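Trainee: This structure is in structure tokens; I'll ask about it shortly.
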Amino acid sequence: MAKNHKNKIVMVLAVVLLIVLVVLSMMIGRYNLSLNDVMSYFFNRATSSTKLILKLRFTRILAVILVGAGLSMAGATFQSIFNNGLASPNILGVATGSSVGAAFAILSGMPIYVIELSAFVMGILTMFLTLLINHFLRNNSGMTLILAGIIIAGLMQSVLGSIKYIADPEDQLQSIVYWELGSFMKVDLSSLASVGPVLLVGILFLFFARWRLNVLSLDEASVKTIGINPVLNRNLMIVAATLLTSAAVCLCGVIGWVGLVVPHISRSIVGGDNRISLPLTGVVGSILLVIADTLARSISVNDIPLSIVTGFIGVPIFVFILIRRKTTVV
């Protein structure tokens, strides 16, 4: 009972911290605003110029929260299903496949909404290719699926390299590379309205089905004894996590480290029970990405690609977690 009470307090504190960071993020940028300006926006008393700035920031922050939660929960899902702490949303080659779709659309000179749609469709196709290879291997183990993902990711990386080779270095190549590194700079209300619902549905599905992750971590015989089809449920969770990854890449490009590091942070705080750690993972993922995005758009005249910022934040955290776990074991 005491542990449950502690976990509830941790969750509440995490949500409060996220709210505080959202307000601070709306205040900070190339044009710094006061707390009164932000409050005036929410109560519809802001001036027209301030309202425009805060509307753009708030739309961007909503996208950041959804992507942060989605990538983190997808990472936690993959790590739990494959019983592998190094698994991440890139494990099925979805991120690379989505980048191929975006790169091809950029190469063809398509508008931004076509680029986003192309990234999403290619991400889903990549997932099906990976599952198809796994099916032909006739092995339902998580390791075989990881190997299938590595194969498809390698293929997509070669395709992406070919597209970059023939792209115009003055214009197209820069856009493709920028997409690979991730950014919320081009996110607006229309793109959020088209991709946001997919992210929200995927997040809610994993939230309400999170108890299944605990069951799927057992051996196959035990899972069948409980009365759950392990293959069907595993594939459902994989599809949901893959949809989240593909939708995130579709909205803002590839963002590294979030899906790998955040699940470890949550588990180190509340333990490995997915019923508790998965919701916290979503909130912590949003917190980390809000911090990273605020830094990305504030410390330079131009937006810094997010994968650069998340790399500088994620690597030290991951190293600290590994050292802490080694010390605990010793």
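The values are calculated or read from the model by the stated rules, or taken from the named source; none is laboratory data. Because the structure is a prediction, the values reported are computed rather than measured. All Cβ positions, glycine included, derive from the backbone under ideal geometry; neighbour counts span all protein chains shown. For accessibility, only protein heavy atoms count, side chains too; no ligands or nucleic acids. Shrake-Rupley method; radii C 1.70, N 1.55, O 1.52, S 1.80 Å.
Trainee: Please report the carbon-and-sulfur percent of the accessible area for the chain; probe 1.4 Å, protein heavy atoms only, DNA, RNA and ligands left out.
Mentor: For the chain, the apolar C and S fraction of the accessible surface comes to 69 percent.
Trainee: A further question on this structure: Quick one: compute a quarter of the convex hull surface over the Cα atoms of segment 51-135 and quote it in nm².
Mentor: Convex hull of Cα atoms, orientation-averaged projection: 7.1 nm².
Trainee: Continuing with this model, one more query. Accessible area, 1.4 Å probe, largest first: how do Arg30, Arg210, Arg60 sort?
Mentor: The residues order as Arg30, Arg210, Arg60, largest area first.
Trainee: With runs of 4+ DSSP H residues as the only contributors, calculate the mean residue ellipticity of the chain at 222 nm using -39,500 (n - 2.57) per run, divided by the residue total and rounded to the nearest 500.
Mentor: Numbers: 14 runs with 262 residues, N = 330.
Using -39500 (n - 2.57) per qualifying helix, the result is -27000 deg cm²/dmol.
Trainee: Over all alpha-carbon pairs of segment 147-298, lay out the pair-distance distribution in 10 Å bins, whole %, shortest bin first.
Mentor: All Cα pairs considered, the percentages come to 9, 30, 34, 19, 7, 1, 0.
Trainee: Quick one, could you list the DSSP H helices from the chain stretching 24 Å or more along their long axis (Cα atoms) with average Kyte-Doolittle hydropathy of 1.6 or above? Walk me through the numbers before you get to the answer.
Mentor: On the way: long enough: 2-27 (38 Å, 1.69); 48-82 (51 Å, 1.14); 112-136 (36 Å, 1.81); 142-166 (36 Å, 1.65); 189-208 (28 Å, 2.26); 230-252 (33 Å, 1.52); 274-298 (36 Å, 1.06); 306-329 (34 Å, 1.55).
Those that clear 24 Å and a mean of 1.6 are 2-27, 112-136, 142-166, 189-208.
Trainee: At q = 0.14, 0.23, 0.24 Å⁻¹, what log₁₀ I(q)/I(0) does a Debye calculation on the Cα points of segment 1-63 give, no solvent, two decimals?
Mentor: Taking Cα atoms of segment 1-63 as identical point scatterers yields -0.48, -0.89, -0.95.
Trainee: If Lys and Arg each add +1 and Asp and Glu each add -1, what is the summed charge of the other residues whose beta carbon sits under 15 Å from the beta carbon of Lys164? Walk me through the numbers before you get to the answer.
Mentor: Details: positive: none; negative: Asp168, Glu170, Asp171, Glu180.
With Lys, Arg at +1 and Asp, Glu at -1, the net is -4.
Trainee: Across 10 Å bins from 0, what is the distribution of all Cα-Cα pair distances for segment 217-316, in whole percents?
Mentor: Percent of pairs per bin, in order: 13, 35, 32, 14, 5, 1.
Trainee: If you don't mind, another one. Net charge around Pro279, counting only other residues with Cβ within less than 14 Å of its Cβ (Lys, Arg = +1; Asp, Glu = -1)?
Mentor: +3
Trainee: Right, next: Beyond 26 Å, what percent of the Cα pairs of the chain remain?
Mentor: Taking all Cα-Cα pairs of the chain, the fraction more than 26 Å apart is 49 percent.
Trainee: Here's a follow-up. Can you tell me what the convex hull of the Cα atoms of segment 79-126 projects to on average, as an area in nm²? Display every interim value, and only then the final one.
Mentor: Numbers: hull surface 13.8 nm².
The directionally averaged projection comes out at 3.5 nm².
Trainee: Please give the peptides 288-298, 18-28, 247-257 ranked by average Cβ packing (other Cβ atoms within 10 Å per residue), highest first, as a rough proxy for protection.
Mentor: Descending packing order for the listed peptides: 247-257, 288-298, 18-28.
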